[in-house]
Every structure is written in structure tokens, then in C-alpha cells.
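The values are calculated or read from the model by the stated rules, or taken from the named source; none is laboratory data. Keep in mind it's a predicted model, so treat the numbers as computed, not measured. Positions of Cβ are generated from backbone atoms using ideal geometry, with glycine treated the same way; all protein chains shown enter the neighbour counts.
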Amino acid sequence: MDIESLLSLLRERRSIRRYDAKPVSDDDIKRILEAARWAPNGANLQPWEIIVVKNDEKIRIIRESIYPRRYAPSDEGSFFLVVCGDTRMKEYYPPVHTEETREYTFTVSIAAAIQNMLLAATALGLGSLWRTVLKNQADALRKLLDIPDFVRVMSVIEVGHSAESPLPPPKRRIEEFSHVNQFEKEKIVDSKKACLDRSIHYRPARS
Ligand SMILES: Cc1cc2nc3c(=O)[nH]c(=O)nc-3n(C[C@H](O)[C@H](O)[C@H](O)COP(=O)(O)O)c2cc1C
């Protein structure tokens with residue numbers, strides 16, 4: 001793949017919040033999981049555990065009880081990947097680590113696997129959404145999916161055939177976030193104003 005094709009794929013990926021009724025094939029699910037396998041990750045411990053939720057009743061419970069606000073009753077064909085991490089593995093990063101760097105390495109390793117899966121979904125022509133898991137949602141998912149105590153629920157990823165084509169939200173320009181040879185202090189911005197300008201939560205939803 002050439003760089004322009006890669007950049008196109010990266011630009012093409014959007015967070016998708018509406019899906020149609022067509023189900024995702026098992027082959028495509030397997031390809032998405034294959035993408036996770038190849039993620040860069042701290043010490044190659046590969047601490048992710050990914051639950052593919054395909055069961056209609058469990059999908060219904062996730063939609064109606066765990067993430068209720070976003071879903072109107074509909075015939076969406078999407079499914080969920082509940083991405084977890086085996087916290088026991090944090091102990092096995094090299095001894096130079098601190099508690100903080102163990103936590104960081106564990107979390108970003110799983111994030112890398114997630115990003116790989118989102119890109120694989122995009123390449124398959126599928127939409128996807130990376131969702132935050134709040135404490136009450138993690139507790140409910142743990143119960144619903146029988147997740148052991150030492151396995152942390154990290155994120156929920158929804159994948160399906162997209163039923164919307166959102167415009168990209170505002171993206172920072174390269175010159176705004178890149179610094180050459182030192183931190184360019186003139187680029188420090190009013191963080192509150194910058195975040196209010198960028199955040200999707202302070203603008204009307206696009207569709
Ligand atoms: C760690 C993380 C958590 C997110 N949580 C949510 C979420 O809970 N709900 C949601 O609708 N989108 C969520 N998103 C998607 C972001 O809102 C989205 O990536 C961002 O607005 C940029 O839009 P884009 O993905 O279309 O480029 C999350 C993304 C990340 C990386």
C-alpha cells in the first residue's frame with residue numbers, strides 16, 4: 001500500500017453512530033480481530049481480551065440498558081466488540097517501570113489494538129465507533145458477559161454497515177500541534193477555548 005492510500009484510509013474512518021440492518025459477516029469479524037493481533041504493544045504482552053457480542057439478546061441489552069440514550073428502537077445490524085485488558089499482565093512489564101508507566105503501557109497497548117480494528121473495519125467498508133465505558137457500564141458488561149475480576153473492561157467498539165456519512169469534525173492543522181526541536185511556547189493556546197471549539201459535544205450533531 002502506498003502512503004496516499006494509507007492517508008486516505010485514515011481520513012475515511014469516521015465515528016459512525018447510525019447503522020443499517022445488514023449483519024457483518026463472520027469473515028469480516030475475523031479480519032478485524034486479525035488486525036488487533038498486529039498492534040504494537042508494550043513488551044509484546046498483548047494484554048487485550050476481546051469479546052465479540054453477536055448474540056441478539058445481549059446486543060439488545062447493551063443497546064437498551066447499557067448505552068440507552070443513543071438508540072431508538074430500530075433494526076440496526078451492528079455488533080459490539082467489548083475490549084478488555086488482563087490486568088495481571090501489568091506485573092510483567094520490565095522492572096524499570098513505575099506503577100504509572102505500567103498503567104500507561106497497558107492502556108495504550110490496548111488502544112493500539114483498537115485503532116488497528118477501526119482501520120480494518122474502514123478498509124472493509126464498515127462503520128465503527130469507539131465508546132467510553134463508564135463505571136456503571138463496565139459493571140453491567142462484566143455481569144452480562146461474565147468477565148472475571150482481574151480483566152478490566154476498557155472500551156466498547158460498535159461495528160456495522162453505516163447508515164450515515166458524517167462530515168469530519170474539526171481537525172487541528174499540523175502547524176498547530178507540531179513543534180520543531182523544542183516545545184514552541186507561542187503555540188500554547190487557551191485550553192478551554194480550544195477544547196470548546198473542537199469538542200463535538202458543544203456543536204450540533206452532524207449527519
Ligand atoms: C477513547 C475514546 C473514547 C470515545 N468515546 C466515545 C463515546 O463514548 N461516544 C461517542 O459517541 N464517541 C466516542 N468517541 C469517538 C470520538 O467522539 C471521535 O473519535 C471524535 O469526535 C473524532 O471523530 P472521528 O472519529 O469521526 O474522527 C471516542 C473516541 C475515543 C478515541
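Picking from LEU10, LEU6, LEU33, which residue would you name as being among the aliphatic types (A, V, I, L, M) and touching a strand residue (DSSP E or B) at 6+ places or on another chain (Cβ under 9 Å)? Steps first, answer last, please.
Working: LEU10 fails: touching a strand residue (DSSP E or B) at 6+ places or on another chain (Cβ under 9 Å); LEU6 fails: touching a strand residue (DSSP E or B) at 6+ places or on another chain (Cβ under 9 Å).
Answer to the selection: LEU33.
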**Prompt:** Which condition number does ASP28 fail, the rest of (1) loosely packed, with under 12 Cβ neighbours inside 10 Å; (2) touching a residue at least 60 places away in the same chain (Cβ under 8 Å) being met?
**Reply:** (1)
**Request:** Please work out which one of (1) farther than 24 Å from GLN46 by Cβ; (2) without any contact (Cβ under 8 Å) to a residue 60 or more places away in the chain; (3) within 13 Å of the ligand (Cβ to nearest atom) is the condition THR107 fails and give its number.
**Result:** (1)
**Prompt:** Just a yes or no: is a residue in the range 79-87 in a loop (DSSP other than H, G, I, E, B), buried (at least 17 other Cβ atoms within 10 Å of the Cβ), modelled with pLDDT of 95 or more and touching a helix residue (DSSP H, G or I) at 6+ places or on another chain (Cβ under 8 Å)?
**Reply:** no
**Prompt:** Taking SER199 and the conditions (1) touching a strand residue (DSSP E or B) at 6+ places or on another chain (Cβ under 7 Å); (2) within 10 Å of the ligand (Cβ to nearest atom), which numbered condition does it fall short on, given that it satisfies the others?
**Reply:** (1)
**Message:** Can you tell me how many residues within the range 128-172 are within 9 Å of the ligand (Cβ to nearest atom) and without any contact (Cβ under 8 Å) to a residue 12 or more places away in the chain?
**Reply:** 2
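Can we say ARG131 is modelled with pLDDT of 95 or more and of a type in the set (D, E, K, R)?
yes
For the range 88-207, please list each of the helices (runs of 4 or more DSSP H) lying entirely inside it that holds at least 3 residues being in contact with a helix residue (DSSP H, G or I) (Cβ under 8 Å, 6 or more places away or on another chain), surrounded by 12 or more Cβ atoms within 10 Å (Cβ to Cβ) and of a type in the set (Ser, Thr, Tyr). Spell out the reasoning first.
Working: elements: 99-123, 135-145, 174-177, 191-198.
Here the list reads 99-123.
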**Request:** Enumerate the pairs (first residue in the range 177-199 and over 25 Å from LEU167 (Cβ atoms) and hydroxyl-bearing (Ser, Thr, Tyr); second residue anywhere and modelled with pLDDT under 90 and assigned to a loop (DSSP other than H, G, I, E, B)) with beta-carbon separation below 8 Å, excluding pairs fewer than 6 apart on the same chain, so at least 6 apart or on different chains.
**Result:** none
